[in-house]
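The values are calculated or read from the model by the stated rules, or taken from the named source; none is laboratory data. Predicted model, so just to flag it, every value in this text is computed and none were measured. Positions of Cβ are generated from backbone atoms using ideal geometry, with glycine treated the same way; all protein chains shown enter the neighbour counts. Each accessible area value is taken on the protein alone, full model and side chains, heavy atoms only, with ligands, DNA and RNA left out. Shrake-Rupley method; radii C 1.70, N 1.55, O 1.52, S 1.80 Å.
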Amino acid sequence: RPAVAVLTSGGDAQGMNGVVRAVVRTAIGAGADVYAVYEGLQGLIDGGDAIQRFDWGSVGSIQHRGGTVIGTARSVEFRTREGRLKAAANLVQRGIDRLVVIGGDGSLSGADLFRAEWIGLLDELVESDRITPDLARRHSHLVIAGVVGSIDNDMVGTDMTVGADSALHRIIEAIDALSSTAASHQRSFVVEVMGRHCGYLALMSAIAGGADYVMIPENPPPPGWEDEMCERLRAGRAAGRRDSIVVVAEGARDRDGAPITSQGVRDMLEERLGEDTRVTILGHVQRGGAPSAYDRWMPTLVGHAAALEVLEAGPDHEPQLVGVRSNRVHLTPLMDAVEATREIPRLIDAGRYDEAMAMRGSSFTE
Ligand code: F6P
């Protein structure tokens with residue numbers, strides 16, 4: 001009987017529960033034993049109660065809940081070989097040789113390294129008498145699949161990462177709320193959104209929220225942007241616009257690589273325009289709360305496909321990232337996706353680069 005484990009790792013994201021639920025129920029339906037690993041990759045190392053057998057009912061009433069009910073962590077220990085040795089021992093002792101990992105590129109690369117090292121890890125465990133040769137022989141392969149859980153929409157190989165849609169909704173609610181108070185006082189607001197390397201949330205929320213200006217990491221504004229931004233906001237006021245909204249991604253930079261901060265933009269607007277300007281940093285509110293409808297059905301789709309992928313893959317399979325393209329399940333070799341993400345700005349892969357080029361540093365409201 002095959003045994004599948006599922007875990008969530010790295011920063012949490014709305015919709016992770018939907019993936020867990022779909023993996024568990026699909027694998028049970030296919031006749032497999034299913035385990036949930038608590039606290040991400042760290043749970044593999046800790047073993048004990050951190051690895052629990054799940055049945056159909058274990059994942060009831062979780063799809064609509066935010067966060068991840070099986071916990072997550074950024075495990076430092078899993079980056080060490082000793083940590084991965086402990087993890088391998090915990091898996092073979094339970095007969096688990098298939099793993100679905102839900103997380104960002106760091107967690108998925110860690111899982112892929114674990115898979116690549118698998119035979120060597122088992123040899124070392126046998127040599128140090130931590131497992132029997134027979135146990136090692138019966139688990140000679142680890143099969144993995146990855147699903148990207150990240151609000152940033154920051155991975156090549158899928159149109160959307162699990163959580164990005166919900167985060168975008170949360171940002172739009174905030175921008176709508178800020179617009180009304182801004183308009184009442186004729187104020188400007190600088191709204192800082194998450195996205196260390198990827199401007200997806202900033203760009204899309206600026207478009208959907210009708211903001212006046214946006215800064216994203218992928219496309220630093222040209223020299224003189226400060227004058228241009230102020231001039232556009234001034235022109236908006238002169239034309240009768242009562243609210244001004246500037247969206248800044250947390251990872252925004254200028255062409256010299258210097259950070260563009262929300263506070264810096266606020267100070268600039270106050271000084272140059274004499275505007276009453278406020279900063280709102282949305283922070284972890286973007287990651288919390290209930291998933292959107294999309295972040296329930298899409299995770300179900302990819303979780304179902306990921307469970308089938310690990311159950312059907314042969315021993316020599318190449319690990320896949322299970323994502324969506326045009327609302328259909330789409331598989332990409334996992335490490336191709338991770339490597340491409342480091343090379344290609346994410347917005348290009350998502351077909352958003354032209355929008356980014358056109359919108360960055362320009363007013364959306366003219
Ligand atoms: O990767 C998702 C993300 O939300 C980033 O946008 C943000 O910079 C980071 O996580 C915050 O992480 P933490 O919760 O560890 O502070």
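Table: residues versus (1) among the polar types (S, T, N, Q); (2) in contact with a His (Cβ under 9 Å, 6 or more places away or on another chain); (3) within 20 Å of Asp243 (Cα to Cα).
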residue: Gly257; (1), (2), (3): no, no, no
residue: Glu271; (1), (2), (3): no, no, yes
residue: Gln286; (1), (2), (3): yes, no, no
residue: His304; (1), (2), (3): no, no, no
If we ask which residues in segment 247-279 are within 16 Å of the ligand (Cβ to nearest atom), touching a residue at least 24 places away in the same chain (Cβ under 8 Å) and part of a strand (DSSP E or B), their number turns out to be 4
Scanning segment 280-310 residue by residue, the ones that are crowded, with 17+ Cβ neighbours inside 10 Å, outside any helix (DSSP H, G or I) and without any contact (Cβ under 8 Å) to a residue 40 or more places away in the chain total 0
Within segment 38-75, restricting attention to residues that are more than 25 Å from Asp105 (Cβ to Cβ) and part of a strand (DSSP E or B), which residue is most open to solvent (accessible area, probe 1.4 Å)? Arg53
Checklist (1) more than 16 Å from the ligand (Cβ to nearest atom); (2) crowded, with 18+ Cβ neighbours inside 10 Å; (3) at pLDDT 95 or above applied to Asp97, failing item: (3)
Quickly run through segment 11-36 and pick out the residues that are open to solvent by less than 10 Å² (accessible area, probe 1.4 Å), within 16 Å of the ligand (Cβ to nearest atom) and either free of Cβ contacts under 8 Å to residues at least 24 places away in the same chain or assigned to a loop (DSSP other than H, G, I, E, B) (or both). Ala13, Gln14, Gly15
Among the candidates Pro222, Pro217, residue that is within 28 Å of Arg266 (Cα to Cα), away from the ligand (no atom under 16 Å from the Cβ) and either within 22 Å of the chain's Cα centre (by Cα) or surrounded by fewer than 24 Cβ atoms within 10 Å (Cβ to Cβ) (or both): Pro222
Within segment 100-110, work out how many residues are away from the ligand (no atom under 13 Å from the Cβ) and open to solvent by 20 Å² or more (accessible area, probe 1.4 Å). 1
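Within segment 231-247, identify whether any single residue is acidic (Asp, Glu), modelled with pLDDT of 95 or more, at negative phi and open to solvent by 40 Å² or more (accessible area, probe 1.4 Å), and answer yes or no. Give the derivation first.
To start, the set of residues in segment 231-247 that are acidic (Asp, Glu) comprises 231, 243.
Keeping just the survivors that are modelled with pLDDT of 95 or more gives none.
Scanning segment 231-247 turns up no residue that is acidic (Asp, Glu), modelled with pLDDT of 95 or more, at negative phi and open to solvent by 40 Å² or more (accessible area, probe 1.4 Å).
Of these, Val92, Val69, Val76, which one is closer than 17 Å to Pro299 by Cα and either without any contact (Cβ under 8 Å) to a residue 24 or more places away in the chain or not charged (D, E, K, R) (or both)?
On the way: Val92 fails: closer than 17 Å to Pro299 by Cα; Val76 fails: closer than 17 Å to Pro299 by Cα.
Result: Val69 is the single residue among Val92, Val69, Val76 that is closer than 17 Å to Pro299 by Cα and either without any contact (Cβ under 8 Å) to a residue 24 or more places away in the chain or not charged (D, E, K, R) (or both).
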Identify the single condition in (1) within 19 Å of Gly283 (Cα to Cα); (2) within 14 Å of the ligand (Cβ to nearest atom); (3) at pLDDT 95 or above that Val190 does not satisfy, given that it satisfies every other one. (2)
Residue in segment 1-10 that is nearest to the ligand (Cβ to nearest atom), counting only those that are more than 10 Å from the chain's Cα centre (by Cα) and not polar (S, T, N, Q): Leu7
Hey, could you check segment 137-187 for residues that are of a type in the set (S, T, N, Q) and buried (at least 24 other Cβ atoms within 10 Å of the Cβ) and say which is nearest to the ligand (Cβ to nearest atom)? Ser150
